[in-house]
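What follows is a set of notes on a single structure, which appears directly below.
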Protein chains: 2
Amino acid sequence: METRELRYFVAVAEELHFGRAAQRLGIAQPPLSRAIGQLERRLGVTLLDRTSRTVTLTEAGSVLLREGQAALDAVEAAERRTRRAALAATGRPGLVLVTKAGASGELLPKLLEAYAAEPGAVAVDVLLCGIGEQERLLRDGRADVALLHRPFDSTAGFDTEELRAEGQVAVLPAGHPLTGRAHLRMADVTALSDLPTPRWPRTDGTYPDGPGPEARDHAQLCQLIALGRASAVLPESCRAYLRPDLAAVPVLDAPTVTTVIAWPPHSRSHAVAGLVRAATRL
Amino acid sequence: METRELRYFVAVAEELHFGRAAQRLGIAQPPLSRAIGQLERRLGVTLLDRTSRTVTLTEAGSVLLREGQAALDAVEAAERRTRRAALAATGRPGLVLVTKAGASGELLPKLLEAYAAEPGAVAVDVLLCGIGEQERLLRDGRADVALLHRPFDSTAGFDTEELRAEGQVAVLPAGHPLTGRAHLRMADVTALSDLPTPRWPRTDGTYPDGPGPEARDHAQLCQLIALGRASAVLPESCRAYLRPDLAAVPVLDAPTVTTVIAWPPHSRSHAVAGLVRAATRL
DNA sequence: AGTGATCGATACCCGGCAGGTATCGATGCC
DNA sequence: GGCATCGATACCTGCCGGGTATCGATCACT
């Protein structure tokens with residue numbers, strides 16, 4: 001199976017419309033129809049049930065959609081990482097580390113410093129992204145390593161090394177009655193119906209239903225809390241970066257947050273290995 | 001990047017010889033040279049340093065070798081799993097479960113029975129393989145789920161669910177002096193220099209150096225122990241399947257063995273999900 | 001040093017296939 | 001029933017992947 005065939009099939013399977021898929025791929029519709037037909041014939045499998053009015057995925061088709069996306073990600077990753085490895089020899093960004101914007105405050109500079117001191121260290125680019133985007137970036141090669149936070153981020157499919165565990169604090173507007181307390185329980189926070197937890201976007205970019213405002217990143221979240229529209233329970237390391245109009249109170253029974261460094265299991269390159277080594281020695 | 005290009009590059013990178021690689025690929029040498037050249041030009045990266053006498057990988061080349069192998073595995077897996085999903089609708093093997101031959105004795109039949117009772121269960125093929133082969137089979141799609149045993153098998157890159165933890169026993173020839181003891185320590189077993197631990201093949205099929213005979217699977221191992229040529233420390237569930245000419249003694253300080261069910265994180269198909277559900281309910 | 005063998009690169013040719021346009025046939029909507 | 005939509009088919013064209021012949025460089029052997 002060629003990646004061109006896979007790309008074509010994934011486009012059709014996602015659009016469920018040959019015309020739109022062809023447009024997205026920048027080709028005409030007839031070659032696309034033919035390519036899909038050939039793919040089906042070669043596999044000996046019906047991937048799409050199509051009438052002249054509607055296109056639906058068969059069971060086999062939906063398997064190929066999932067697996068094909070993963071395979072295309074892997075191919076893309078191979079290409080990106082190869083390009084990057086070549087740059088590392090001559091010029092700059094040899095390694096890309098991704099982390100959620102606004103998280104892992106003091107850990108990150110320490111890690112970068114420790115790695116830079118390693119012999120043979122290459123240049124590290126830091127890529128900040130929104131919630132839940134790290135996994136995709138790591139899978140398709142736009143990043144080589146990630147700092148993730150259990151239990152929020154899924155580490156499925158990656159090798160990980162634990163770096164740090166910490167409790168969580170409730171972040172509230174300064175002056176809120178609860179800020180006088182020495183510590184809280186989760187029940188105290190969820191009871192604040194006037195300060196609901198904001199809703200995070202899912203991987204597809206849509207927001208779940210429910211009360212609470214929508215927030216895409218740390219900055220938006222802080223803003224919402226300062227405005228008295230939301231509250232949040234965050235890892236205690238966020239205190240170092242809290243705006244003066246916010247206050248933090250420890251939450252005793254909140255789940256412990258573990259910061260881990262994660263990388264694709266097969267890409268044990270020297271550079272990644274060095275960075276992981278530096279991280280575990282912190 | 002097309003899979004054809006990747007296959008070509010991987011062949012050359014593994015052989016480090018254009019002629020042999022071309023032979024392996026079933027094409028002539030000139031088109032291969034040209035394809036690699038085109039790939040390098042398109043990526044803007046030198047992958048191979050070649051004189052007219054010798055070919056070596058550059059740093060970028062070795063990255064592409066690793067990543068490319070993973071990507072090719074993913075593409076192959078997509079193809080295999082799609083074919084299998086199509087069969088599941090009509091005929092037989094809709095799911096392939098792989099486990100080490102001779103391991104997970106009573107667990108496996110229970111699991112298969114429990115899954116078969118699920119509504120919508122598909123036919124499950126059981127694939128038995130040698131030591132350390134499971135990961136490859138799971139990655140390239142020849143299997144959909146695996147039973148693995150921590151800490152022996154690496155679960156890197158897979159989703160897992162723990163099924164069972166058990167201690168280990170020393171397996172000795174019947175009548176050996178130590179078989180009279182109620183329990184042993186690791187030191188007792190390693191001290192048996194006349195009964196060394198056998199050597200297992202590595203992933204590439206070669207055996208590490210050292211004392212002890214070579215063994216590829218459970219049957220060979222048992223045979224060697226019965227012959228008085230080796231001893232082994234195995235999960236205690238193996239007792240149920242032990243030949244009468246072998247004896248087992250618990251080893252108190254041996255690491256606990258955890259049986260896990262593992263699957264590729266992206267392939268959350270109905271069938272896999274059902275099997276995992278059945279497994280966790282055992 | 002000269003000669004032959006080895007090996008990757010280059011030059012050139014050919015056939016197949018990817019992609020384009022035109023059109024058909026089926027289906028749903030007003 | 002007429003029309004619009006959408007996928008499939010027919011047919012043409014140009015590119016590119018693959019083949020053979022050959023070159024140039026390097027190493028081994030005498």
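The values are calculated or read from the model by the stated rules, or taken from the named source; none is laboratory data. A quick note: this is a predicted structure, and the numbers were derived from the prediction, not measured. A quick note on method: Cβ atoms are made from the backbone with ideal geometry, for glycine too, and the neighbour counts reach across all protein chains shown. What goes into the accessible areas is simple: the full protein's heavy atoms, side chains included, and nothing from ligands, DNA or RNA. Shrake-Rupley method; radii C 1.70, N 1.55, O 1.52, S 1.80 Å.
Assorted remarks:
- Qualifying positions in region B:157-178 - closer than 24 Å to B:Leu195 by Cα and within 14 Å of another protein chain (Cβ to nearest Cβ): none
- Residues within region A:255-282 that are open to solvent by less than 10 Å² (accessible area, probe 1.4 Å) and either in a strand (DSSP E or B) or away from chain B (no Cβ under 14 Å) (or both), tallied: 9
- Criterion applied to B:Asp194, B:Asp125, B:Asp144 was being more than 14 Å from every other protein chain (Cβ to nearest Cβ) and modelled with pLDDT of 90 or more, and the one residue passing it is B:Asp125.
- Just so you know, in region A:7-18 the residues that are open to solvent by 30 Å² or more (accessible area, probe 1.4 Å) and assigned to a helix (DSSP H, G or I) include one that is nearest to DNA strand D (Cβ to nearest atom), and it is A:Glu15.
- Search result, residues across region A:77-90 that are within 14 Å of B:Leu39 (Cα to Cα) and more than 7 Å from every other protein chain (Cβ to nearest Cβ): A:Arg80
- Qualifying residue in region B:24-47 (condition: in contact with a Gly (Cβ under 7 Å, 6 or more places away or on another chain) and not assigned by TED's automatic domain parsing to the domain that holds B:Leu138): yes
Residue-wise test of (1) under 24 Å from A:Ala71 (Cβ atoms); (2) surrounded by fewer than 16 Cβ atoms within 10 Å (Cβ to Cβ); (3) away from chain A (no Cβ under 13 Å).
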position: B:Arg4; (1), (2), (3): yes, yes, no
position: B:Ala22; (1), (2), (3): no, no, yes
position: B:Ile27; (1), (2), (3): yes, yes, yes
position: B:Pro31; (1), (2), (3): no, yes, yes
position: B:Arg34; (1), (2), (3): no, yes, yes
position: B:Gln38; (1), (2), (3): yes, yes, yes
position: B:Val45; (1), (2), (3): yes, no, no
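- B:Pro109 falls short on exactly one of the conditions (1) in the same structural domain as B:Gly141 (by TED's automatic domain parsing); (2) surrounded by 14 or more Cβ atoms within 10 Å (Cβ to Cβ), and that condition is (2).
- Among the residues of region B:2-23, those identified as touching a Gly at 6+ places or on another chain (Cβ under 8 Å) and not aromatic (Phe, Trp, Tyr) are B:Leu6, B:Val10, B:Ala13.
- Qualifying residue in region A:59-74 (condition: within 12 Å of another protein chain (Cβ to nearest Cβ), within 16 Å of DNA strand C (Cβ to nearest atom) and under 24 Å from the mean Cα position of the chain (by Cα)): yes
- Within region B:24-37, restricting attention to residues that are touching a helix residue (DSSP H, G or I) at 6+ places or on another chain (Cβ under 9 Å) and within 10 Å of DNA strand C (Cβ to nearest atom), the residue that is nearest to B:Glu59 (Cα to Cα) is B:Ile36.
- Pick from region A:47-58, criterion surrounded by 14 or more Cβ atoms within 10 Å (Cβ to Cβ) and within 33 Å of the chain's Cα centre (by Cα), ranking: nearest to A:Met1 (Cα to Cα): A:Leu47
- Looking only at residues of region B:233-248 that are part of a helix (DSSP H, G or I) and open to solvent by less than 60 Å² (accessible area, probe 1.4 Å), we find that the one that is nearest to B:Gly212 (Cα to Cα) is B:Cys238.
- The condition of being in contact with a Pro (Cβ under 9 Å, 6 or more places away or on another chain) and not assigned by TED's automatic domain parsing to the domain that holds A:Gly105 holds for only one of A:Leu195, A:Leu178, that being A:Leu195.
- Qualifying residues in region A:114-161 (those that are assigned to a strand (DSSP E or B) and acidic (Asp, Glu)) - the one farthest from B:Ser267 (Cα to Cα): A:Asp125
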